[in-house]
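Working notes, structure below.
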Amino acid sequence: MTLILRSWQGAAAVVLCLAALASLPLMAADAPSPFGTGTVVLVFLMIAGAAAISFTKLSQPLLATILFVAAHLAVWLLLAGIAGNEGKATLAFFLMLAASWLLAWRCVAVLSHLRPKSGAGDTFLRLLIPAIFGVWILILWEAATRGAGIPFIILPPPSAIGARLAGSVPILWADVQQTIFKAVLFGYVVGCASGFVVAILADRIAFLRRGLLPIGNMVSALPIIGVAPIMVMWFGFDWQSKAAVVIIMTFFPMLVNTVAGLAASGAMERDLMRSYASDYWQTLVKLRLPAAMPFIFNALKINSTLALIGAIVAEFFGTPIVGMGFRISTEIGRMNVDMVWAEIAVAALIGSVFYGVVALGERATTFWHPSNRGG
Amino acid sequence: MNNAPSSVVSASKLGLTFETGDGPVHALSNVDLTVNKGDFVSFIGPSGCGKTTFLRVIADLEKATSGEITVNGMTPEEARKSRSYGYVFQAPALYPWRTIEKNIALPLEIMGYSSVDRKARIERTLDLVNLSGFGKKYPWQLSGGMQQRASIARALAFDADLLLMDEPFGALDEIVRDHLNEQLLKLWARTEKTICFVTHSIPEAVYLSTKIVVMSPRPGRVTDVIESTLPRERPLEIRETPEFLEIAHRVREGLRAGHSYEE
């Protein structure tokens, strides 16, 4: 019993192997190019062997390496075998896929418990574990779509999306330039900066604070779908109208967060500044803005994702024949879903980088905050 | 402009009433007091007796509602604007995004001292509170006692002759507090500043002060002013002497008298 508990994934993988053995072959009888016997034996041996090894008391890094190699080599053979046999995969095929997935799971579980001594090893593991995780999402997606023959229009396999991505770099680059470098960046910078400036004005001038903030809350609730076509009417088809949508979307989160942040400094700290006869601007720069930084970065992070959504959705309502939103809306009409997915992948990548850069800036600026300073 | 050159703080018939939802609260009433240059004056009394409020009135952090008060011969507001006092709060109130050095530099930056001057003053005041070598640390990397010493250094960094201290060691343990009290006396002797010190510890008040102001609550008023007969040079052992205990006894009597009519 304890033996099984040491690696329940290994035990489950063995059971799946036996079940697959009982329901061979891996491809339907009418498949044009079924698996060779040698390949099938190799896959079974690798998975069953690695599963067996996972019960032993081998050193953890060695065990992780064996599991890593076996699981990925086996699944690579399985995926390679689909070529020419799309939609012909049998239950045995998916049982073996599940078995190799369990081994990869075991591998990640082992890796997660490793405590490397060197900093480089630690960084390597921190990258490797999510990478294995992400790759397996793609592997399962690829095997499910191609093995079971899911229609391309419903869900294209990642390999097709990747091929489309690699083959359309000039188009994607032009779209990125139009949507990200013009609409998103311009709108983000102007929206965040003006939200910040108005927050300081509202702090200084009571009637703005009491009049504008409630209105601001209302405007921030405006649906983007309603605002976007109006902005196109006002500012034309090109990127300026999309930047306007982004400005509207990013302005109020920044305003509201900065106003809250300016109120975040403590009474004692403000008394201290008063005892120095510090004037409004000195107190603002030396106390209240540093104390507001966690709030301001919160807004910058929220806005980094809002800006991307705003610019892409706004392009659905009229645009020159370039841009990520334009591409998505036209290619879906032409049934080129792989192109749509390619744009989604690019948007996800850029959004992550954008967010990451802001988060790095936050770490550098608010290192002193209890949530960042660690230990 | 100053008719009593030796008096740093002088209050007569001072009163302060807070208007609250439950009616007026008399935080201070009819306070008459003079603090002379070079004095170490402690304010002692139960919580709510207005000792902190009185300190805040001197600092122009609160406004008196009746009576007169002058600080260095000026109104408290003028005194604050001419930066004539340093204030040490109950908590260190150091800015976590600044190193200890930079925290001490804060008032100097605001008051426009040159960067060369700033550097010299930071070094001098860090040495004064025995924190040399800790200038590059952040406040959250230091212990509570060290943080409070840094906040005293910050109050000493600019040329204010008056130091206002509001229960600065209240949150620290007995051992650290003894140590800091001893250091504070040395510092007072070296710098010849006038110190107003709020506390609710009788031994602390007697050990430190040349003058002890006993206050009682509701309304906050002065019940006794005790001139200490202890010498200015005070080792910690002085707290065992009959003279010390005699003064402590008088303070305790004063506090009890302030309480009696309430019950």
Sum up the charges of everything whose Cβ sits under 13 Å from the Cβ of B:VAL176, counting Lys and Arg as +1 and Asp and Glu as -1, but leave B:VAL176 out.
-3
With the solvent-accessible surface defined on protein heavy atoms using a 1.4 Å probe, which residues belonging to region A:238-268 display a reduction of at least 40 Å² in accessible area in the multichain context relative to the isolated chain?
A:MET268
In debye to the nearest 20, how big a dipole does region A:5-143 give about its Cα centre with +1 on each Lys and Arg Cβ and -1 on each Asp and Glu Cβ?
600
Using amide H atoms built in the peptide plane, which far-off residues or other-chain residues are under 5 Å from B:TYR87 H to H?
B:LEU164
Rounded to one decimal in nm, the spacing of the 7 Å Cα→Cβ label points at A:PHE152 and A:ALA166 is 1.8
For A:PHE186, tell me the accessible area in Å² from a 1.4 Å probe, rounded to the nearest 10.
100
Can you find, among A:GLY147, A:ALA193, A:VAL245, the residue farthest towards the positive end of the dipole of the protein assembly as shown? Put +1 on the C-beta of Lys and Arg, -1 on that of Asp and Glu.
A:GLY147
Cα-based convex hull volume of region A:2-150 per residue, rounded to whole Å³
98
Tell me what the protein assembly as shown gives for mean residue ellipticity at 222 nm when only DSSP H runs of n ≥ 4 count, each as -39,500 (n - 2.57), the sum divided by the residue total, rounded to 500 deg cm²/dmol.
-19000 deg cm²/dmol
Projected area averaged over all directions for the convex hull of the alpha carbon atoms of chain A, nm², comes out at 25.9
Given a 1.4 Å probe, how much area per residue of region A:13-96 is accessible, in Å²?
48
To one decimal place, what Kirkwood hydrodynamic radius in Å is obtained for region B:1-90 from all pairs of distinct Cα atoms?
13.7
Counting only protein heavy atoms, what percent of the accessible surface of region A:2-150 is carbon or sulfur at a 1.4 Å probe?
76
Expected field for B:HIS200, accessible surface area in Å² at 1.4 Å probe radius, rounded to 10, holds 110
Here the membrane-span-like helices of chain B, with no claim about any membrane, defined by DSSP H, Cα axial extent at least 15 Å and mean Kyte-Doolittle at least -0.5, are B:100-110, B:144-156
In Å², rounded to a whole number, the accessible area per residue of region A:165-373 with probe 1.4 Å is 47
Between the Cα axis of helix A:206-220 and the main Cα principal axis of chain A, the angle (0 to 90°, nearest 10) is 30
If we sort A:130-143, B:57-70 on the protection proxy, mean other Cβ atoms within 10 Å, highest first, what's the order?
B:57-70, A:130-143
Helix A:289-314 versus the longest principal axis of chain A: what is the Cα-based angle in degrees, 0 to 90, to the nearest 10?
60
Dipole axis of chain B (+1 Lys, Arg; -1 Asp, Glu on Cβ), positive-most option in B:THR34, B:ALA79, B:SER201:
B:ALA79
Charges at C-beta only: +1 for Lys and Arg, -1 for Asp and Glu. How large is the resulting dipole of the protein assembly as shown about its Cα centre, in Debye rounded to 20?
1200
Chains B and A: accessible area buried, summed over both chains, 1.4 Å probe, nearest 100 Å², reads 2200
Convex hull volume per residue in cubic angstrom - Cα atoms of region A:165-373:
130
Ignoring ligands, DNA and RNA, the residues of region A:273-307 whose accessible area with a 1.4 Å probe is reduced by 50 Å² or more relative to the chain alone are A:ARG274, A:SER275, A:TYR276, A:ALA277, A:LYS286
Could you order peptides A:298-307, A:85-94, B:206-215 by the average number of other Cβ atoms within 10 Å of their residues, highest first?
B:206-215, A:298-307, A:85-94
Using only the Cα atoms of the protein assembly as shown, what do you get for the radius of gyration and for Dmax, in Å?
36.5, 114
Could you look at region A:197-355 and say what percent of its accessible area is carbon and sulfur, using a 1.4 Å probe and all protein chains?
73
Over chain B, give the accessible area per residue in Å² for a 1.4 Å probe, as an integer.
45
So, taking all protein chains as they sit and a 1.4 Å probe, how much accessible area belongs to A:SER23, in Å² rounded to tens?
40
Kirkwood Rh in Å, taken over region B:94-159 so that all alpha-carbon pairs contribute:
11.4
Given 25 °C, 0.890 mPa s and a Kirkwood radius over Cα pairs, the Stokes-Einstein diffusion coefficient of chain B in µm²/s is 129
Lys, Arg +1 and Asp, Glu -1 on Cβ, resulting dipole of region A:165-373 about Cα centre, debye, nearest 20:
600
Can you send over the carbon and sulfur percentage of the accessible area for chain B, probe radius 1.4 Å, protein chains only?
51
Flagged as over-length at 31 Å C-alpha distance, from B:LYS37/B:LYS81; B:LYS137/B:LYS193; A:LYS182/B:LYS136; B:LYS13/B:LYS186; A:LYS286/B:LYS63, the pairs are A:LYS182/B:LYS136; B:LYS13/B:LYS186
Would you be so kind as to identify which of B:LEU185, B:GLY145, A:CYS17 lies farthest towards the positive end of the dipole of the protein assembly as shown, taking Lys and Arg as +1 and Asp and Glu as -1 on Cβ and the Cα centre as origin?
A:CYS17
Between region A:317-348 and region A:124-186, how far is it from one alpha carbon centroid to the other, in angstrom?
13
Rounded to the nearest Å, the spacing of the alpha-carbon centers of region B:62-116 and region A:191-256 is 40
Reduction of at least 50 Å² in accessible surface, 1.4 Å probe, comparing all protein chains with the chain by itself, residues of region B:116-142:
B:TRP140
FRET efficiency (A:SER118, A:ALA144; Cβ distance; R0 60 Å; to 0.05) is 0.95
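The values are calculated or read from the model by the stated rules, or taken from the named source; none is laboratory data. Because the structure is a prediction, the values reported are computed rather than measured. Don't worry about glycine lacking a Cβ; one is built from the backbone with ideal geometry, like all the others, and counts go over all protein chains shown. What goes into the accessible areas is simple: the full protein's heavy atoms, side chains included, and nothing from ligands, DNA or RNA. Shrake-Rupley method; radii C 1.70, N 1.55, O 1.52, S 1.80 Å.
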